[in-house]
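The values are calculated or read from the model by the stated rules, or taken from the named source; none is laboratory data. Here the structure is a predicted model, which means the values were calculated and not measured. Neighbour counts are summed over all protein chains in view; Cβ atoms, including those assigned to glycine, are modelled from backbone coordinates with ideal geometry. Only protein heavy atoms, including side chains, enter the accessible area calculation; ligands, DNA and RNA are left aside. Shrake-Rupley method; radii C 1.70, N 1.55, O 1.52, S 1.80 Å.
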Amino acid sequence: PLRPASSNPGSAPTAAPPAVPPVIDSITRQGDFDFAATYDVDLVKAFDGNVASYWSDMEFATEGWGGLASDGVPLFIKLKSPAKVSSITLTQLGASGGNLSVFTNDRPSLDGAKMVGTNSFTSSDLTMPLAEPVEAQYVIVSIKTLPKLAAPKTRYGFGIRLAEIKIQ
């Protein structure tokens, strides 16, 4: 005979579900920066598992997004479900310098977001461990200034080729 799974709720201790590593659902760019909209379709390349594909081919004369995004460009990384975030790794191709900040939040907004780190690119992989793990559904990478490209495709030397974002 079939019995209901729990005929006496609360009698048996329930085990906590195993910790699931965060899975990126999507990445969106915010800000009033029309030029970048052309490249938004490439944001998916920053979490496709292929280090040869990247966002984006934009290049600028100055590290401050060519003066077009004075507050920088925030990328909102939505996780499939809220998860414990303990580190963020950004892999980029052939650039160094720049300045970025990482925030966590439960919604796609910088309002109420918690800053968890600031850094710049010194190698292709930048790993930023959090001082303590944070439960979040959104990880926000705000790129304030751009790194200098080793091999720009144009005469403009600043840009970012964001190949992969990994959240642990």
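Scanning the stretch 110-142 for residues that are open to solvent by less than 40 Å² (accessible area, probe 1.4 Å) and closer than 29 Å to Gly157 by Cβ yields a total of 9. Restricted to the stretch 91-109, and to residues there that are closer than 20 Å to Pro21 by Cα and out of contact with any Lys or Arg (no Cβ under 8 Å at 6 or more places or on another chain), the residue that is surrounded by the most Cβ atoms within 10 Å (Cβ to Cβ) is Val102. If the condition is being modelled with pLDDT of 95 or more and open to solvent by 70 Å² or more (accessible area, probe 1.4 Å), then the stretch 29-44 contributes Val41, Val44. Among the residues making up the stretch 48-68, those that are over 14 Å from Leu93 (Cβ atoms) and buried (at least 20 other Cβ atoms within 10 Å of the Cβ) are Phe60, Trp65.
For Lys153, the conditions (1) touching a residue at least 60 places away in the same chain (Cβ under 8 Å); (2) out of contact with any helix residue (DSSP H, G or I) (no Cβ under 8 Å at 6 or more places or on another chain); (3) open to solvent by less than 70 Å² (accessible area, probe 1.4 Å) all hold with the exception of (3).
With respect to (1) open to solvent by 70 Å² or more (accessible area, probe 1.4 Å); (2) in a loop (DSSP other than H, G, I, E, B); (3) in contact with a Leu (Cβ under 7 Å, 6 or more places away or on another chain), the lone exception for Val20 is condition (3).
Note on the stretch 66-158: enclosed strands (runs of 3 or more DSSP E) holding 3 or more residues that are modelled with pLDDT of 95 or more and touching an Asp or Glu at 6+ places or on another chain (Cβ under 9 Å) are 73-92, 95-105, 125-145. All conditions in (1) within 22 Å of the chain's Cα centre (by Cα); (2) modelled with pLDDT under 95; (3) assigned to a loop (DSSP other than H, G, I, E, B) hold for Val51, with the sole exception of (2).
Taking the condition in contact with a Phe, Trp or Tyr (Cβ under 6 Å, 6 or more places away or on another chain) and either of a type in the set (Phe, Trp, Tyr) or over 26 Å from Val20 (Cα atoms) (or both), does Gly72 pass? Taking the combined requirement at face value, the residue does not satisfy it. Only residues that are in contact with a Lys or Arg (Cβ under 7 Å, 6 or more places away or on another chain) and of a type in the set (Phe, Trp, Tyr) were counted in the stretch 128-158, giving 2.
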